[in-house]
Amino acid sequence: MQIRPGTALKLGLVALPLLAPVPSGAQQGDAQRGEYLVSAGGCLGCHTEKKDGAVPFAGGRALETPFGTFYGPNITPHPEAGIGRWTEADFVRAMREGVRPDGANYFPAFPYPSFTKIADADLRDMWAYLRTLAPSAQPSRPHELGVLYRWRLPVSAWKWLYFTPGPFVPDPQASAAVNRGAYLVQALGHCGECHTPRDFLGGPKKDRYLAGGKGPEGKRIPNLTPTRLKKSSDKELEDVLKTGITPDGDVLADAMGEVVTNTTSKLTPADLDAVIAYLRTLPPLPDEPK
Ligand code: HEC
Ligand code: HEC
């Protein structure tokens, strides 16, 4: 893999906390680093209402799914409306295990099946950043779900079937860049939440990882394995993920347009290269039948 001069050092610096275990009882997280990680995680999109003047992270964003409409909650440090009373441990448990402070399950519309892979040190920094947000008193909106899907208890069965908690484990055979890319794609970027096809219970088809298929709104989601991406050069993919404009001049639509604005356009050049380097190493899978 080609690394541009100067990026190797940056990449090493960014990857370091991921590889080095942090001693327990370590000091407070680094909010500035956390801000970058929160943008790489696309938290803003789902936790901010889609209207002019919406307060960032104050919740209210509608997420349509086959099971009903979820609303991203307020995650600012407001003591009642947000998560101001939470401890860092509550946050880590929510992200790693998909469990609320009171022990109930979160619905996987909150992409904790991907976020579980976020490294401890990164979770600590993200928490430090979220604590710096201005508290918003805007109450979270209740979800509007089909009668069959309202209950949090059956989510335990879903989790038993589809959810494997635990941080990302680097592949010792792969380069540092490919591991960094794998971490960004699988954990923070949660690209598989849209690009991996799902079965009728809404579980990802693991043997079809990133192979695309029908999205929640019935629209086709492209295959991100080399079957399709081999047609684009690294430079072309970099431009698509930075600008949202394809080599043919098409503009990537809604869901991906937002991912580009909130996430991939904000990645450092080294991280963007790492994402592309990792996608190149995926097994080429055929498109999902129409
Ligand atoms: C695809 C949309 C989506 C993305 C992206 C997303 N979330 Fe969420 N999040 C949700 C939904 C929906 C819930 C509510 C789940 C439930 O009620 O079971 C939630 C719940 C939460 C909660 C629990 C709030 C509470 O009051 O219990 C926290 C904390 C949280 N998200 C943090 C984050 C962070 C940090 C990120 C970025 C790394 C993030 N979320 C990205 C959709 C999303
Ligand atoms: C919220 C859903 C969603 C998420 C999350 C998501 N994507 Fe996408 N992606 C889409 C959709 C939908 C399209 C098709 C957009 C279009 O054709 O206008 C797309 C298109 C793309 C394309 C263009 C492919 C082509 O051949 O046209 C690339 C590259 C891509 N996504 C990469 C990524 C990466 C990398 C991530 C993770 C950082 C990611 N996507 C996360 C929904 C998503």
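The values are calculated or read from the model by the stated rules, or taken from the named source; none is laboratory data. Note that this is a predicted model, so its numbers are computed, not measured. So basically every Cβ, Gly included, is an ideal-geometry build from the backbone, and we count neighbours across all protein chains shown. Each accessible area value is taken on the protein alone, full model and side chains, heavy atoms only, with ligands, DNA and RNA left out. Shrake-Rupley method; radii C 1.70, N 1.55, O 1.52, S 1.80 Å.
Things to note:
- Output for the stretch 80-124, where each listed residue is in a helix (DSSP H, G or I) and within 16 Å of ligand 2 (Cβ to nearest atom): TYR112, PRO113, SER114, PHE115, ASP122
- Restricting ALA277, ALA253 to those that are small (Gly, Ala, Ser), over 15 Å from HIS190 (Cα atoms), open to solvent by 50 Å² or more (accessible area, probe 1.4 Å) and outside the structural domain of CYS43 (by TED's automatic domain parsing) reduces the list to ALA253.
- For the residues LEU210, LEU241, the requirement of being touching a residue at least 12 places away in the same chain (Cβ under 8 Å), out of contact with any Lys or Arg (no Cβ under 9 Å at 6 or more places or on another chain) and at positive phi singles out LEU210.
- Matching residues in the stretch 189-248 - criterion: being of a type in the set (Val, Ile, Thr), open to solvent by 20 Å² or more (accessible area, probe 1.4 Å) and more than 10 Å from ligand 2 (Cβ to nearest atom): THR227, THR243, ILE245
- Of note, GLY257 satisfies the criterion of being within 16 Å of ligand 1 (Cβ to nearest atom) and small (Gly, Ala, Ser).
- Taking the stretch 151-164 as the range and being in contact (Cβ under 8 Å) with a residue 12 or more places away in the chain and either open to solvent by 30 Å² or more (accessible area, probe 1.4 Å) or not in a loop (DSSP other than H, G, I, E, B) (or both) as the test, the residues that pass are ARG152, LEU153, VAL155, SER156, TRP158, LYS159, LEU161, TYR162, THR164.
- Given (1) more than 10 Å from ligand 1 (Cβ to nearest atom); (2) closer than 19 Å to LYS266 by Cβ, number of the condition SER39 does not satisfy: (1)
Residue by residue, here is whether (1) open to solvent by 50 Å² or more (accessible area, probe 1.4 Å); (2) outside any loop (DSSP other than H, G, I, E, B) holds:
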{"position": "PRO142", "(1), (2)": "yes, no"}
{"position": "GLY166", "(1), (2)": "no, no"}
{"position": "ASP171", "(1), (2)": "yes, no"}
{"position": "GLN186", "(1), (2)": "no, yes"}
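- Within the stretch 270-285, the set of residues being in contact with a helix residue (DSSP H, G or I) (Cβ under 6 Å, 6 or more places away or on another chain), more than 12 Å from ligand 2 (Cβ to nearest atom) and not aliphatic (A, V, I, L, M) comprises THR281, PRO284.
- Residue among ASP102, ASP90, ASP120 that is open to solvent by 70 Å² or more (accessible area, probe 1.4 Å) and within 11 Å of ligand 1 (Cβ to nearest atom): ASP102
- Selection status of TRP127, surrounded by fewer than 18 Cβ atoms within 10 Å (Cβ to Cβ), in a helix (DSSP H, G or I) and hydrophobic (A, V, I, L, M, F, W, C): no
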